[in-house]
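The values are calculated or read from the model by the stated rules, or taken from the named source; none is laboratory data. What you see is a predicted model; the values in this text were computed from it and never measured. In this analysis, Cβ positions are derived from the backbone assuming ideal geometry, glycine residues included, and neighbour counts consider all displayed protein chains.
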Amino acid sequence: MALLSLPKQVKIVEVGPRDGLQNEAGPMLSANIKANLIDRLAASGLRHIEAAAFVHPKWVPQMANSAQVLQQITRLSHVSYSALTPNLQGLERALEAGVDEVAVFGAASQSFSQRNTNCSISEGLARFEPVAKAALAAGIKVRGYVSVVVDCPYEGAVSPQVVAQVSDQLLQMGCHEISLGDTIGTATPARMLDMLAAVAQYVPISQLAGHCHDTYGQALANVMAMLQAGVSTFDSSVAGLGGCPYAQGASGNLATEDLVYLLHGLNINTGIQLDSLVKVGNDISHLLGRQNGSKTGITLS
């Protein structure tokens, strides 16, 4: 029996070098280590890599050498290298470093927005408008993230309508893609689809991406539900690197290896060599002295 409405191809946005590594404790990883990771991810077939964040080092010390990282990578013409840029100063530095795409990061709850960016939802969106305008004027695409799209660690359940409104505002300011983040990993397929239905009234499904965390082991189930709803872009992190420093107890992102294994099993094209990716995940986990967060990575080692 065939599964219904599955896309033939899926775009994977690899967020490990930014969203993953930014949460690593201890001394800042060298630009050489990060650049090598990015180069190996690209060599495995990943075409969209979130490589850096131009944020104040006081808040995210692991990203302080982002400019050097982008200088040291071996750029491939078919790979898009992106960076998080929360303000105009960050955008200026990102443009100087030669990024292909930038991202802005909003939230769907007031408490999370205040704790994450020290401002309200509306204030945060207002800050992003000049960033998006300047990036687009420079010929750079802008991606929008929405955090806590199902549950907030401080407020509990989040209204799907609020997620839809934030997503719509990001779309209106020029974001070509909106990534919907289950930041603390509490979503189940039914709740994810309820949220997605609300957002899809404002943003075309083709411009939406799923960003799932695996705190309760639901990430792949949520991906499957979103696939059947027509979503064909997903964020993931090699070896499941990362988490959320503003959400206590939140585990890492969905591991890219596990996502690729699922998609290949559904005969969906990703263009990624799973065996190469598994090696990258195992190596970065060993270097960091941490358990590989990918079940596929552990099994195929």
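Any chance you could count how many residues in segment 180-190 are more than 16 Å from Pro153 (Cβ to Cβ) and either of a type in the set (Ser, Thr, Tyr) or crowded, with 20+ Cβ neighbours inside 10 Å (or both)? First the steps, then the outcome.
Within segment 180-190, the first condition is being more than 16 Å from Pro153 (Cβ to Cβ), and the residues that meet it are 180, 188-190.
Adding the requirement that they be either of a type in the set (Ser, Thr, Tyr) or crowded, with 20+ Cβ neighbours inside 10 Å (or both) leaves 180, 188.
Adding up the residues that qualify gives 2.
What number goes with the only condition from (1) within 26 Å of Ser206 (Cα to Cα); (2) small (Gly, Ala, Ser); (3) under 19 Å from the mean Cα position of the chain (by Cα) that Ser77 does not pass?
(3)
Just give me the residues in segment 152-170 being more than 19 Å from Gly230 (Cα to Cα) and buried (at least 20 other Cβ atoms within 10 Å of the Cβ), in sequence order. Lay out the reasoning, then the answer.
Taking segment 152-170 first, the residues more than 19 Å from Gly230 (Cα to Cα) are 152-159, 161-162, 165-166, 169-170.
Once the filter is applied, which keeps residues that are more than 19 Å from Gly230 (Cα to Cα) and buried (at least 20 other Cβ atoms within 10 Å of the Cβ), segment 152-170 yields Cys152, Val158, Val166, Gln169, Leu170.
Based on this model, can you work out whether Gly230 counts as within 23 Å of Ser159 (Cα to Cα), surrounded by fewer than 17 Cβ atoms within 10 Å (Cβ to Cβ) and in contact (Cβ under 8 Å) with a residue 60 or more places away in the chain? Talk me through it step by step, then tell me what you get.
Numbers: within 23 Å of Ser159 (Cα to Cα): yes; surrounded by fewer than 17 Cβ atoms within 10 Å (Cβ to Cβ): yes; in contact (Cβ under 8 Å) with a residue 60 or more places away in the chain: yes.
Criteria met by Gly230.
For segment 2-14, state whether one or more residues are assigned to a strand (DSSP E or B), aliphatic (A, V, I, L, M) and touching a residue at least 60 places away in the same chain (Cβ under 8 Å).
Residues of segment 2-14 assigned to a strand (DSSP E or B): 9, 11-14.
Restricting the remaining residues to those that are aliphatic (A, V, I, L, M) gives 12-13.
Within this subset, residues satisfying the condition of being touching a residue at least 60 places away in the same chain (Cβ under 8 Å) are 12-13.
For segment 2-14, residues assigned to a strand (DSSP E or B), aliphatic (A, V, I, L, M) and touching a residue at least 60 places away in the same chain (Cβ under 8 Å): present.
Of all residues in segment 263-301 being surrounded by fewer than 21 Cβ atoms within 10 Å (Cβ to Cβ) and aliphatic (A, V, I, L, M), which is nearest to Ser232 (Cα to Cα)?
Ile268
For every residue, the table says whether it meets (1) in a helix (DSSP H, G or I); (2) closer than 25 Å to Glu14 by Cα.
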residue	(1), (2)
Cys119	no, no
Arg127	yes, no
Ala135	yes, yes
Val162	yes, no
Val166	yes, yes
Gln169	yes, yes
Ala187	no, yes
Met192	yes, yes
Gln201	no, no
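Using the structure shown, decide if Val223 is out of contact with any Pro (no Cβ under 7 Å at 6 or more places or on another chain), under 18 Å from Phe112 (Cα atoms) and in a helix (DSSP H, G or I).
Numbers: out of contact with any Pro (no Cβ under 7 Å at 6 or more places or on another chain): yes; under 18 Å from Phe112 (Cα atoms): no; in a helix (DSSP H, G or I): yes.
No.
Do we find that Ile205 is free of Cβ contacts under 8 Å to residues at least 60 places away in the same chain, farther than 16 Å from Val13 by Cβ and under 19 Å from the mean Cα position of the chain (by Cα) in this structure? Don't jump to the end; show me each part of the working.
Working: free of Cβ contacts under 8 Å to residues at least 60 places away in the same chain: yes; farther than 16 Å from Val13 by Cβ: yes; under 19 Å from the mean Cα position of the chain (by Cα): yes.
So Ile205 passes the test.
Any residue in segment 41-56 that is hydroxyl-bearing (Ser, Thr, Tyr) sitting within a Cβ distance under 9 Å of a residue that is modelled with pLDDT of 95 or more and assigned to a loop (DSSP other than H, G, I, E, B)? List the pairs, counting only those 6 or more apart or interchain.
Ser44/Ile272; Ser44/Gln273
Kindly indicate whether any position in segment 229-249 is more than 16 Å from the chain's Cα centre (by Cα) and at pLDDT 95 or above.
Checking segment 229-249: at least one residue is more than 16 Å from the chain's Cα centre (by Cα) and at pLDDT 95 or above.
Can you name the residue in segment 191-221 that is closer than 20 Å to Gly106 by Cβ and polar (S, T, N, Q) and is also surrounded by the fewest Cβ atoms within 10 Å (Cβ to Cβ) among such residues?
The extreme case among them is Gln201.
Name every residue in segment 24-51 that is buried (at least 24 other Cβ atoms within 10 Å of the Cβ) and in a loop (DSSP other than H, G, I, E, B), in order of residue number. Let's see the steps before the verdict.
The initial filter retains those residues of segment 24-51 that are buried (at least 24 other Cβ atoms within 10 Å of the Cβ), namely 34, 37-38, 41, 46, 49-51.
Correct list: Leu46 only.
Do you know which residues across segment 140-174 are within 15 Å of Gly124 (Cβ to Cβ) and hydroxyl-bearing (Ser, Thr, Tyr)?
Scanning segment 140-174 gives Tyr145, Ser147, Ser167.
In segment 171-185, which residue that is part of a loop (DSSP other than H, G, I, E, B) and in contact with a strand residue (DSSP E or B) (Cβ under 7 Å, 6 or more places away or on another chain) is nearest to Ala225 (Cα to Cα)?
Gly185
Given (1) at positive phi; (2) touching a Phe, Trp or Tyr at 6+ places or on another chain (Cβ under 9 Å), identify the lone condition not met by Met63.
Among (1) at positive phi; (2) touching a Phe, Trp or Tyr at 6+ places or on another chain (Cβ under 9 Å), Met63 violates only (1).
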